[in-house]
Amino acid sequence: MLVDSHCHIDFPELADQLDSVFDLMRKNQVERALCVSVTLEDFPRVRKLAETYPNIYASVGVHPDHEDVAVVTARELVALSDHPKIVAIGETGLDYYRLKGDLSWQHERFRTHIRAARECGKPLIIHTREAAEDTLRIMREESASAAGGVMHCFTESWETAEAAMALGFYISFSGIVTFKNAKALKEVARRVPLEKMLIETDSPYLAPVPYRGKTNQPGFVKHVAEEIARIKDTTLEQIAEATTYNFNLLFM
Ligand code: NI
């Protein structure tokens, strides 16, 4: 059994074809998926999916790439997280790749999410892109280790992975690890111990090989698991077992 620890099946690319999405999940033995919130405007439809389907869980948070949305407070996040199927806070974090200039609002939003996670006792889903140093600094300053969580769609260095693991965070690999040119990331995946690893699709984006460029979906997490099994010279079953166990430990 596999779990997709991060997807966006509420996005229009997938929302209209949920029957086929669930069919492929069954076929590939992907028994559960965590549908991750990116804005509070879209959160109700994410929560609705989790309420409708027993095997779908959800998070609440505002993605660092969304600049022109209302300021979110820790109180709001804590209130919205008070639901049996809302299992995490995020996605949150820092992104210096997509956005430039004065990003102090992004830092503040990240701190707000960490405070909310600590208050409600639910783990964080952290997105970091070209901002590893500040991400780790803010995690330390806000005691993110008290909440724990996952560095999602990880594409950073081994040193960053090591620092995040030292703070009690899991490292989650997406379809990017299957890309031929992702040599450095494959090496990070080889070194991250199984007991600290999660897998995800981040669908509808970043479809793994052999579906690269197509619309991604949770069923494709099997291809991420297969590639990690190859990299670590082990079996798909072992990767499935370890990452499902970790998912349950962190989110359930
Ligand atoms: Ni995402």
- Note on region 24-43: residues of a type in the set (S, T, N, Q) and within 13 Å of the ligand (Cβ to nearest atom) are SER37, THR39
- Query: Do we have any residue at all in region 24-38 that's open to solvent by 40 Å² or more (accessible area, probe 1.4 Å) and within 22 Å of THR112 (Cβ to Cβ)?
  - Reply: no
- Message: Condition check: out of contact with any Phe, Trp or Tyr (no Cβ under 7 Å at 6 or more places or on another chain), within 22 Å of THR112 (Cα to Cα) and open to solvent by 10 Å² or more (accessible area, probe 1.4 Å). Does VAL78 satisfy that?
- Response: yes
- Message: Show me the strands (runs of 3 or more DSSP E) found entirely inside region 135-252 where at least 2 residues are at pLDDT 95 or above and of a type in the set (A, V, I, L, M).
- Response: 149-151, 197-199
- Query: Quick check: is even one residue across region 6-23 away from the ligand (no atom under 12 Å from the Cβ), open to solvent by 30 Å² or more (accessible area, probe 1.4 Å) and of a type in the set (Gly, Ala, Ser)?
  - Reply: yes
- Message: Restricting to region 231-242, count the residues that are surrounded by 14 or more Cβ atoms within 10 Å (Cβ to Cβ) and β-branched (Val, Ile, Thr).
- Response: 2
- Note on the structure: Of the residues in region 65-119, those that are on the phi < 0 side of the Ramachandran plot and in a strand (DSSP E or B) come to ILE86, VAL87, ALA88, ILE89, GLU91, THR92, LEU94, ASP95
- Run HIS66 past the list (1) within 15 Å of the ligand (Cβ to nearest atom); (2) open to solvent by less than 40 Å² (accessible area, probe 1.4 Å) and report the number of the one that doesn't hold. (2)
- Item | Failed criterion for TYR245 (all others in (1) under 17 Å from ILE56 (Cα atoms); (2) of a type in the set (Ser, Thr, Tyr); (3) open to solvent by less than 20 Å² (accessible area, probe 1.4 Å) hold) | (3)
- When the residues of region 138-190 are filtered to those that are within 16 Å of the ligand (Cβ to nearest atom) and among the aliphatic types (A, V, I, L, M), which remaining residue is surrounded by the fewest Cβ atoms within 10 Å (Cβ to Cβ)? ILE176
- Might you check whether a residue that is free of Cβ contacts under 8 Å to residues at least 24 places away in the same chain and touching a strand residue (DSSP E or B) at 6+ places or on another chain (Cβ under 8 Å) occurs anywhere in region 106-123? no
- On the given criteria, is ASP134 within 15 Å of the ligand (Cβ to nearest atom), touching a residue at least 12 places away in the same chain (Cβ under 8 Å) and among the acidic types (Asp, Glu)? no
- Across region 87-111, the tally of residues that are surrounded by 12 or more Cβ atoms within 10 Å (Cβ to Cβ) and more than 16 Å from the ligand (Cβ to nearest atom) stands at 6
- Message: Among the listed residues VAL71, VAL46, identify the single one that is away from the ligand (no atom under 16 Å from the Cβ), among the aliphatic types (A, V, I, L, M) and under 25 Å from ARG111 (Cβ atoms).
- Response: VAL71
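The values are calculated or read from the model by the stated rules, or taken from the named source; none is laboratory data. Because the structure is predicted, anything quoted here is derived from the model rather than measured. A quick note on method: Cβ atoms are made from the backbone with ideal geometry, for glycine too, and the neighbour counts reach across all protein chains shown. Accessible surface is based on the protein model in full, side chains and every heavy atom, while ligands, DNA and RNA are left aside. Shrake-Rupley method; radii C 1.70, N 1.55, O 1.52, S 1.80 Å.
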